[in-house]
Amino acid sequence: MKSKYRFVFFDVDSTLVTIEGIDVLADGNPEVVRLTEAAMNGDIPIDEVYGRRLEIIRPTRDAVDALGRQYVRSLVTGARETIGALRDAGAHLHLVTAGIAQAIAPLATELGIAPANVHAVALQFDGAGHYAGFDRRSLLTRNGGKELVVRAILSRAKGSSAFIGDGVSDLETRPVVDLFLGFGGVHIRDRVQQNADVYVTEPTLQSVLPYLLED
């Protein structure tokens, strides 16, 4: 098998894993859940909700470390096999997420994705491990940020590309990749389903492989 695309980008929450990390940290806080759903569906710009949710939660370093362990336990069915198949087929794999960098790191290690290929938002903590802010310079905390991150990666090397994700912030990458593949195996989001080049709803990530690999 050979990859049809030199670069394959994945979202993380509700794509590689079955959870939304920020909602786990919020422990069911209904306001945070509401804001997350509104942002993922494109009803509220992500830059309006990113810092607001974190200020409500104020996650500790220990809570973020626990989330990292939960990410590894919450892999979507077929995620390991999908990442492995694409790697074996020669694809360069990147994670592009507005999730928390410190929590995404163990998942990336589990999947064998190099730290340099993980694009996420770092949180800041004080000496006691209490929340002290987030990297406000990160493009991933604002609308259109994923498009800019992907565009920057592609500007440094030639090759075709595909992006796999579930949310409207992922869909924003469609103008800069050759294939935008919407994954509805965890959550079906109408705007993504209507505008993706390809949309799959099977609850296994392996359902994306026929569109990414060639014999």
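The values are calculated or read from the model by the stated rules, or taken from the named source; none is laboratory data. Note that the coordinates shown come from a computational prediction; the quantities given were computed from them, not determined experimentally. Virtual Cβ from ideal backbone geometry, glycine too; neighbours counted across all protein chains shown. All accessible areas refer to the heavy atoms of the entire protein, side chains included, with ligands and DNA or RNA removed. Shrake-Rupley method; radii C 1.70, N 1.55, O 1.52, S 1.80 Å.
Values computed for the structure shown
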| quantity | calculated |
| --- | --- |
| Charge-dipole axis of the chain as Lys and Arg at +1 and Asp and Glu at -1 on Cβ define it, positive-most pick from Asn117, Pro203, Leu213 | Asn117 |
| Cα centroid separation - region 145-161 against region 168-215, whole Å | 18 |
| Rounded to the nearest 10 Å², the accessible area of Val176 at probe 1.4 Å | 30 |
| Equivalent ellipsoid dimensions for region 1-112 as semi-axes, Å, which come from the Cα gyration tensor, largest first | 28, 16, 11 |
| Rounded tilt (10° steps) of 79-88 against the dominant C-alpha axis of the chain | 50 |
| Fraction of beta bridges assigned by DSSP in region 1-120 that are antiparallel (%, nearest 5) | 10 |
| Test item: Cα-centred dipole of region 131-215, Lys/Arg +1 and Asp/Glu -1 on Cβ, debye | 580 |
| Selection from Gly21, Ala98, Val49, by position along the positive dipole direction of the chain (Cβ) | Ala98 |
| Computed helical MRE - 222 nm, the chain, DSSP H runs ≥ 4 contributing -39500 (n - 2.57), nearest 500 | -11500 deg cm²/dmol |
| Two-decimal log10 I(q)/I(0) for region 38-95, as the Debye equation yields it once each C-alpha is a single scatterer, q = 0.16, 0.25, 0.26, 0.28 Å⁻¹ | -0.83, -0.97, -0.98, -1.02 |
| Cα pair count fraction exceeding 13 Å, expressed as % - region 144-215 | 62 |
| Thr77, Thr60, reordered so the largest accessible area comes first (probe 1.4 Å) | Thr77, Thr60 |
| Between helix 145-155 and the chain: long-axis angle, C-alpha atoms, 0 to 90°, nearest 10 | 40 |
| Residues with amide H under 5 Å from that of Leu123, placed H, sequence gap 5 or more | Ala101, Gln102 |
| Kirkwood hydrodynamic radius over Cα pairs of region 67-215, then Stokes diffusion coefficient at 4 °C and 1.567 mPa s, in µm²/s | 80 |
| Nearest-10 value in Å² for the accessible area of Ser3, using the 1.4 Å probe | 10 |
| Antiparallel %, DSSP beta bridges [both residues in the chain], to 5 | 25 |
| From the C-alpha gyration tensor of region 96-171, square roots of 5λ in Å | 24, 15, 12 |
| Region 1-59, relative contact order in percent, only Cα pairs under 8 angstrom and at least six apart counted | 23 |
| Of every Cα-Cα pair in region 1-56, the percent that sits beyond 17 Å | 47 |
| Accessible area of His130 in the full protein assembly, 1.4 Å probe (Å², nearest 10) | 100 |
| Potential lengthening between Ala114 and Glu81 on full extension [0.36 nm per residue; Cα-Cα distance subtracted] | 10.2 nm |
| Highest to lowest packing among 182-189, 10-17, 84-91, 143-150, scored as the average C-beta count within 10 Å | 10-17, 182-189, 143-150, 84-91 |
